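Notes to accompany the following structure.
The values are calculated or read from the model by the stated rules, or taken from the named source; none is laboratory data. These numbers come from a predicted model, not from an experiment. Because the Cβ atoms are built from the backbone with ideal geometry, glycine has one as well, and the counts that use them run over all protein chains shown.
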Amino acid sequence: MSQNERFVKKITPKSVDFSRWYVEIIQKTELADYAPIKGMMVIRPYGYSIWENIQSIVDKRIKESGHTNAYFPLFIPEGFLQKETEHLKGFAPEVAWVTHGGSDELEERLAVRPTSEAIIGNMYAKWIKSWRDLPVLINQWANIVRWEKVTRPFLRTTEFLWQEGHTAHETSEEAQEETLMILSLYKEFVETELAIPVISGMKSEREKFAGAMKTYAIEAMMSDGKALQMGTSHNLGQHFSKVFNIRFEDRNQKLQYVWQTSWGVSTRLVGALVMAHGDDSGLKIPPRIAPFQVVVIPIAIGDWKKNILPKAQEIANGLKKKGVRVKLDDREEFTPGWKFSEWEMRGIPLRLEIGPKDIEKGQVVTVRRDTGQKEALAQASLDKKVIEFLSDIQKNMFEMALKFQEENTHEVKDYAEFKAVMESKRGFIKTFWCGDTACEEKIKDDTMATIRVIPHDIEKKKNSRKCIRCQKPSESLVYFAKAY
RNA sequence: CGGGGAGUAGCGCAGCCUGGUUAGCGCGCCUGCCUUGGGAGCAGGAGGUCGUCGGUUCAAAUCCGAUCUCCCCGACCA
């Protein structure tokens, strides 16, 4: 079959208009729909099931690494937010306020949480008294409201869903270790399950979380060459413990402030999935998080309910028993061709077709979403082959994304080339930077590119290099990109 | 928040400039027949407070004002 032929015709090709392509995919595959309130969306069942799959895997990993779940209030008293100055400055412009309860005006306004450091800090102060109470390792799954001026489904919505971990430790070293452990947990999750390669590292001062001592992040390249932050892990130092008075008596009977971290991933990951893997035919969902991994389409010809459907059911049930998520599409009102396009657009990794010719030959036709490859397989060995296919598709999707990332990561010889690359090709620019925020600002003004990440494993090594813009000595290798 | 564009049936659009019977078209939807290996065909049918509120007028989808939402480009920002 021709790889160039476009079977799915109702989506604007992404080469024509990337933004439009993105929004159309989301609506037409029923991931989400716009709600009648600015910046808010409804996550529809198909989109929500992807989020649930993400959730259950992340939740498992968080618990395996020693954390437990809890739940804190949606509202935060204004006074709590004001305690950490940087935190307040960072979030004040985008906080939604509750001013009334029924018809009575509240004495103190309540913030709808933009993040929960403040309310959790307040509780930790009550709970933590001794070094024996530490570490506190708590995570919560919650909704968050940030009154953003520019919104986009999944990438930046007024309300979104996430998990936020909040931990408290005895020592600075322990907090730093936790911060980096979570960062690598996120990286491993995104690469293994979402099949999206990421660059991990530290944020510059300009880009760090409001109130953090250090912010680390994983950044991925979307297929238009722009960067998307996929998750963050903050070392909060003692910024919050000092203002919320979270103190404990240490092993030497001295009062100390705890060292804290916070970290999160959100429903933005669903948007990343669309933009990192999708093509002109629609979504491509990696098998490990796809709502359905396999769709079985019986070809309805003649007395198909008697001759074909039972075999299709048998195949579907056999795969289900092996733990494969299978959808049998036996709807009568659609033709096979229609179903092929529909499930292709929805990004199901593997399609099985079974018709009279296949019954005759004892085979099933398989079509991979990642490559479009069509292959007839013997029914006898089908289960085993399907499982192999799924793991191969997962691997191949990661490799294709990695190849794209590598091909679009540029090293430039001077600032003129830097500007030229940002204007034409986009992608990541891997280069050296002096460490000065003013210089970083200037680069942003000139090119719209910001520092996405300072890879931590090499951040101190190459001290003989010079800043790409100002030529001052540089210690930091950094990645620049235009970001979402 | 600044500049630009848009909102008419589930989706995509025409009509608006130049106000005037019953607001159209394609796809989708419903019923029936017939079909089904890459988005079938025929026949019949349903579906609209023209985003919302107000104004002008004998009369408003159409003119005026406000407002809400979406898209693009900036500013801001996980």
Notebook entry, point to check: Looking at A:Gly90, A:Gly121, A:Gly165, which is the one that is within 16 Å of RNA strand B (Cβ to nearest atom) and buried (at least 20 other Cβ atoms within 10 Å of the Cβ)?
Noted result: A:Gly165
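For a quick check of your reading: which strands (runs of 3 or more DSSP E) sit entirely within region A:214-278 and have at least 1 residues that are more than 10 Å from RNA strand B (Cβ to nearest atom), of a type outside the set (Gly, Ala, Ser) and under 22 Å from A:Glu24 (Cβ atoms)? Lay out the reasoning, then the answer.
On the way: elements: A:214-221, A:227-237, A:247-249, A:255-257, A:259-266.
Output list reads A:214-221.
Can you say whether A:Val367 is under 18 Å from A:Ala312 (Cβ atoms) and either outside any loop (DSSP other than H, G, I, E, B) or not β-branched (Val, Ile, Thr) (or both), as far as the supplied structure shows? Full working, then the answer.
On the way: under 18 Å from A:Ala312 (Cβ atoms): yes; either outside any loop (DSSP other than H, G, I, E, B) or not β-branched (Val, Ile, Thr) (or both): yes.
So A:Val367 passes the test.
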Check: How many residues does region A:336-352 contain that are more than 15 Å from A:Pro291 (Cβ to Cβ) and either surrounded by 21 or more Cβ atoms within 10 Å (Cβ to Cβ) or hydrophobic (A, V, I, L, M, F, W, C) (or both)?
Finding: 3
Check: In region A:189-198, how many residues are surrounded by fewer than 22 Cβ atoms within 10 Å (Cβ to Cβ) and within 13 Å of RNA strand B (Cβ to nearest atom)?
Finding: 0
Notebook entry, point to check: What number goes with the only condition from (1) crowded, with 21+ Cβ neighbours inside 10 Å; (2) of a type in the set (Lys, Arg); (3) not in a loop (DSSP other than H, G, I, E, B) that A:Lys284 does not pass?
Noted result: (3)
Notebook entry, point to check: Listed residues A:Glu219, A:Glu178; which is in the same structural domain as A:Val23 (by TED's automatic domain parsing) and farther than 22 Å from A:Leu477 by Cβ?
Noted result: A:Glu178
Next item on the list: Output yes when any residue across region A:353-360 is in contact with a Ser or Thr (Cβ under 7 Å, 6 or more places away or on another chain) and on the phi < 0 side of the Ramachandran plot, and no when none is.
Entry: no
Item checked: Residues of region A:249-270 satisfying the condition of being within 19 Å of A:Ala168 (Cβ to Cβ), surrounded by 24 or more Cβ atoms within 10 Å (Cβ to Cβ) and of a type in the set (A, V, I, L, M, F, W, C) -> A:Val258, A:Trp259, A:Trp263
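Would you mind finding the one in A:Val16, A:Val98 that is modelled with pLDDT of 90 or more, surrounded by fewer than 18 Cβ atoms within 10 Å (Cβ to Cβ), more than 10 Å from RNA strand B (Cβ to nearest atom) and among the aliphatic types (A, V, I, L, M)?
On the way: A:Val16 fails: modelled with pLDDT of 90 or more.
After ruling out the rest, the residue left standing is A:Val98.
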Notebook entry, point to check: Which is within 13 Å of RNA strand B (Cβ to nearest atom), among the polar types (S, T, N, Q) and modelled with pLDDT of 95 or more, of A:Ser130, A:Ser204, A:Ser184, A:Ser116?
Noted result: A:Ser116
Next item on the list: Starting from region A:329-354, take each residue that is assigned by TED's automatic domain parsing to the domain that holds A:Ile315 and list its partners that are hydrophobic (A, V, I, L, M, F, W, C) and near RNA strand B (Cβ under 6 Å from one of its atoms), counting only C-beta distances under 6 angstrom and pairs at least six apart or across chains.
Entry: A:Pro336/A:Ile299; A:Ser341/A:Phe7; A:Ser341/A:Val8; A:Glu344/A:Val8; A:Met345/A:Val8; A:Arg351/A:Val367; A:Glu353/A:Val365
Checklist line | From the options A:Glu406, A:Glu388, A:Glu411, residue that is within 21 Å of A:Gly278 (Cβ to Cβ) and out of contact with any helix residue (DSSP H, G or I) (no Cβ under 9 Å at 6 or more places or on another chain) | finding: A:Glu406
